[in-house]
Every structure is written in C-alpha cells, then in structure tokens.
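Below is one structure; the comments refer to it alone.
Bear in mind that the values in this text are calculations on the coordinates, not laboratory data. Just so you know, these numbers come straight off a predicted model, no measurement behind them. Quick reminder, even Gly has a Cβ in these numbers, built from the backbone with ideal geometry, and neighbours come from all protein chains shown.
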Amino acid sequence: MRQVGLMMLLCMASLCAKAQSNTEIPKKEFTVHADALAVDITAGSTGKVNLQIMRSKNFQKSEASFRVASSLPEGVTIRYDAQNESDYAAVIATTPQAAPGTYQVIMNCTIHNKTKGVIVKLKII
C-alpha cells in the first residue's frame, strides 16, 4: 500500500514539474514565451506583449533578433524593444484605419540561425 502511495506521489510531482517547465532553462537551444497569447487593441492605439527568451548555456551570449513571420493587416506595425538580453516588449501600433478583426500574429526569434516562435491572437476593435 505504501508503494502505491509513493508511486502516486511521484507521478503527481512529475506532472507539477512539467506544468512549470515553461520557465525552466532548456538543455538545448532556447525557447520563447509570451506573457499574453491574446491581445485586444482599439484601432488607433497601441498594445504590448512581453516576450521572454529562455536560453541554454550555448545560447547565453548570442544576439537575438525578432521579426513577424505572418502578414500583418494594413495599418498594423510591430516593434521589438529589448529590455535586457532575455526580455523584450513587442509594441503593437495600429492606425485608426486598421481593419477590425482577429488576426494570428507569429512572432519569431532567431539566435544562431535557429528560429523559435510564438503565436499571439491580435484582436483589433
């Protein structure tokens, strides 16, 4: 009976560790995480999504570059501002003429010719 209880405890600990794994430092390459996977912006205003790069040891000192891999609707621009070498802010600006709707925006980060990305749902109101 104790062995079954111990086994259940180990399984629960393993599941909890996997649930928290998005903030762990990867063993290989790097990962990119967004603080919000959806953002609502009124046409004519700006919004922000914070991005974090979790780097393995081999990618610690390498320069990162961000770009949008999906097509943006007319009147929408995205600028990436570095806060430090791991944290970036994706500033999304819209003009008053930006068409209302929901768009999938793929934000890619490239380090050492390796590219990782995150998809953010942009809703223009």
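Evaluate the distance, in nm, between pseudo-label points positioned 7 Å from the Cα of Asp87 and of Lys57 along their respective Cα→Cβ axes.
Label at Asp87, label at Lys57, 2.6 nm between them.
Let me spell out the model: positive unit charges on the Cβ of Lys and Arg, negative unit charges on the Cβ of Asp and Glu, origin at the Cα centre of region 35-125. What dipole size does that give, in debye rounded to 20?
Details: 10 positive and 7 negative charges, 67 e Å.
About 320 debye.
Write out the GluC sites (Glu not before Pro) in region 21-125 meeting two conditions: DSSP loop, and at most 10 other Cβ atoms within 10 Å of their Cβ.
Working: sites: Glu24, Glu29, Glu63, Glu74, Glu85; in loops: Glu24, Glu29, Glu63, Glu74, Glu85.
The qualifying sites are Glu63, Glu74.
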